[in-house]
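J.: Questions regarding the structure given below will be posed in turn.
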Amino acid sequence: MTSTLKLPYKFVHLQRNFKSKVVKKSLILIFMLALLMPSALLANSEVPVSAEKSETKDVSSEVVEHIMNHVADANENHIATIHEAGVEKHISLPLPCILYNKSTGKLSVFMSSKLHDSHEGYDGYKMDNHTNRVVDAETGKRDTFYDFSITKNVFNMLLGFFILTIIFFIIKAAYVKRAGQAPTGIQSFFEPIIQFLIDEVAKPNLGAKYEKFLPYLICVFFFILINNLLGLVPFIGGINSSGNISFTLVLAMCSLLLINLNGNKHYWQHIFAMPGVPKWVLVILTPIELLGVVLKPAVLMLRLFGNITGGHIAVLAIVSLIFIMGKMGTTIGGATAGGAIAIPILLFVNAMELFVAFLQAYVFTLLTAIFIGAAIEDHHHAEENH
């Protein structure tokens, strides 16, 4: 007698979903997102850099500048800055710079580490030390070229994609190899999460059609989650990719298309010709309903962006207490007092950020499922009442 049916969750049902290529479809969608995100992030390539650093800038202003530069994108993954004999040295993970000069038509491809080898920069470009963005060596601006570089946000998303690919293929192979057996190892960790998405997110909101949208929901959940978690790892730079407005915009646009392309006639009728509503009222109501079509994904975009970015800013602000109270390292006693205050708070906030990483991935996935469910819902009961 097999022990499969005695498992506390529906292992047989989940195994069937994996055999029906849910994992494969989810990975394809994750790969498509990984390709779309760098294109969206290029929209930030023409954002002007901040003004030159003022010599009279106080400690708090420097802290604010460091925090805002951290949550912004950059052409290198800056990890730390050390001072030796009055000289700043950057510890960073070099990333590929792919720059196209508008006037000369020259394409330059090199690693960002070359920009730190000399004060003159490299190939007509230099690194702005305050923003960690590549600028024109002569003008100090970014309006003379197009930046197609692998920035730190793109690097983080590609890293997350490769991690998910390895994990999902391991799980898929485990289901094939251990068919009808209890899960072990990494499979046993991810199975309850995926089953939770099926039973508590997909089925209640999508009904019998849940399998059609399950790959997208799994893709979105784990893609957001892995980027949130990687943003909490300090030694790779604590990258804020899932807190980038371009990142959340692409996800919201994908959900917008999925919701409206699958909307049935009842969904569109409710928007353009709501049953039982006088025509003169529709003149006012229809624009409001159309606005709601756009506002739904906008809510998804802003919620994820605000929560993740706010969490990064909160952590960095707490860490900055050490430097503010120590006047950026000139007072050991002040830095010690700042550390004594900041470290316990920081441990708590980091624990909360770990929870928020899962929560925001879940909320985005849940709201997407709810919006899709509203678009594909059959209004049999409403028709019978009429």
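J.: Taking a 30 Å limit on the Cα-Cα distance, which of the listed pairs Lys212/Lys265; Lys152/Lys177; Lys265/Lys296; Lys177/Lys296; Lys126/Lys296 fall beyond it?
T.: Values: Lys212/Lys265 19 Å; Lys152/Lys177 37 Å; Lys265/Lys296 19 Å; Lys177/Lys296 42 Å; Lys126/Lys296 41 Å.
With Cα atoms farther than 30 Å apart: Lys152/Lys177; Lys177/Lys296; Lys126/Lys296.
J.: Then there's this: As a test question: what accessible area, to the nearest 10 Å², does Glu120 have when a 1.4 Å probe is rolled over all protein chains in place?
T.: For Glu120, the solvent-accessible surface is approximately 140 Å².
J.: Ignoring ligands, DNA and RNA, how do Trp268, Trp280 rank by accessible area with a 1.4 Å probe, largest first?
T.: Working: Trp268 85, Trp280 180 Å².
Largest accessible area first, the residues go Trp280, Trp268.
J.: What percentages, rounded to whole numbers, describe P(r) for the stretch 198-277 computed over all alpha carbon pairs with 10 Å bin width beginning at zero?
T.: 15, 33, 29, 16, 5, 1
J.: At R0 = 45 Å, how high is the FRET efficiency between Ile345 and Ile170 if r is their beta carbon distance? Nearest 0.05 is fine.
T.: On the way: r = 37 Å, r/R0 = 0.83.
Approximately 0.75, to the nearest 0.05.
J.: Diagonalise the Cα gyration tensor of the stretch 135-236 and give the resulting equivalent ellipsoid semi-axes, square root of 5 times each eigenvalue, largest first, whole Å. Write down the numbers at each step before the final one.
T.: Values: eigenvalues 288, 65, 27 Å².
That gives 38, 18, 12 Å for the three semi-axes.
J.: Relative to the present Cα-Cα distance, how much length would full extension add between Gln181 and Met253 at 0.36 nm per residue of separation? Before the final figure, lay out each step's value.
T.: Numbers: separation 72, 0.36 × 72 = 25.92 nm, distance 3.98 nm.
The Gln181-Met253 span can extend by a further 21.9 nm.
J.: When only the heavy atoms of the protein chains count and the probe is 1.4 Å, how do Thr104, Thr144 rank by accessible area, highest first?
T.: Details: Thr104 100, Thr144 40 Å².
Greatest to least solvent exposure: Thr104, Thr144.
J.: How much length, in nm to one decimal, is gained on full extension between Val109 and Ile91, taken as 0.36 nm per residue of separation minus their Cα-Cα distance?
T.: Values: separation 18, 0.36 × 18 = 6.48 nm, distance 2.14 nm.
Value of the extension gain: 4.3 nm.
J.: Right, next: Go through Ile150, Tyr175, Thr131 and say which Cα lies farthest out towards the positive end of the charge dipole of the stretch 104-259; charges sit on Cβ, +1 for Lys and Arg, -1 for Asp and Glu.
T.: Sorting the options by dipole projection puts first Tyr175.
J.: Let me ask something else about it. Which whole-number percent gives the relative contact order of the stretch 93-178, counting Cα pairs below 8 Å spaced six or more residues apart? Write out the running numbers ahead of the final one.
T.: Numbers: 96 pairs, mean separation 23.1, N = 86.
Relative contact order for the stretch 93-178 comes out at 27 percent.
J.: With a cut-off of 8 Å between alpha carbons and a minimum separation of six or more residues, what is the relative contact order of the stretch 132-287 in percent? Please list the in-between numbers first.
T.: Details: 69 pairs, mean separation 30.0, N = 156.
About 19 percent, as a whole number.
J.: Run the numbers for Met68 and Leu295: contour at 0.36 nm per residue of separation, minus the present Cα-Cα distance, in nm. List each step's numbers first, then the result.
T.: Values: separation 227, 0.36 × 227 = 81.72 nm, distance 2.72 nm.
Result for the pair: 79.0 nm of gain on full extension.
J.: A further question follows. Within 12 Å, Cβ to Cβ, of Gly310, how many net charges do the neighbouring residues add up to if Lys/Arg are +1 and Asp/Glu are -1? Walk me through the numbers before you get to the answer.
T.: Working: positive: Arg303; negative: Glu353.
Taking every Cβ under 12 Å from that of Gly310, the sum is 0.
J.: Quick query: amide H of Met111 versus all other amide H atoms, modeled in the peptide plane; which residues come in under 5 Å with a sequence gap of 5 or more or a different chain?
T.: Excluding prolines and chain starts, which carry no amide H, the hits are Cys97.
J.: May I pose another question? Give, as a single signed number, the net charge of other residues whose beta carbon lies under 13 Å from the beta carbon of Lys106, with Lys and Arg counted +1 and Asp and Glu -1. Display every interim value, and only then the final one.
T.: Numbers: positive: Lys102; negative: Asp123, Asp136.
Combined, the nearby Lys, Arg, Asp and Glu give -1.
The values are calculated or read from the model by the stated rules, or taken from the named source; none is laboratory data. Source: prediction; values computed, not measured. Note: ideal-geometry Cβ built from the backbone for every residue, glycine included; neighbour counts use all protein chains shown. Note: areas computed on protein heavy atoms with side chains; ligands, DNA, RNA excluded. Shrake-Rupley method; radii C 1.70, N 1.55, O 1.52, S 1.80 Å.
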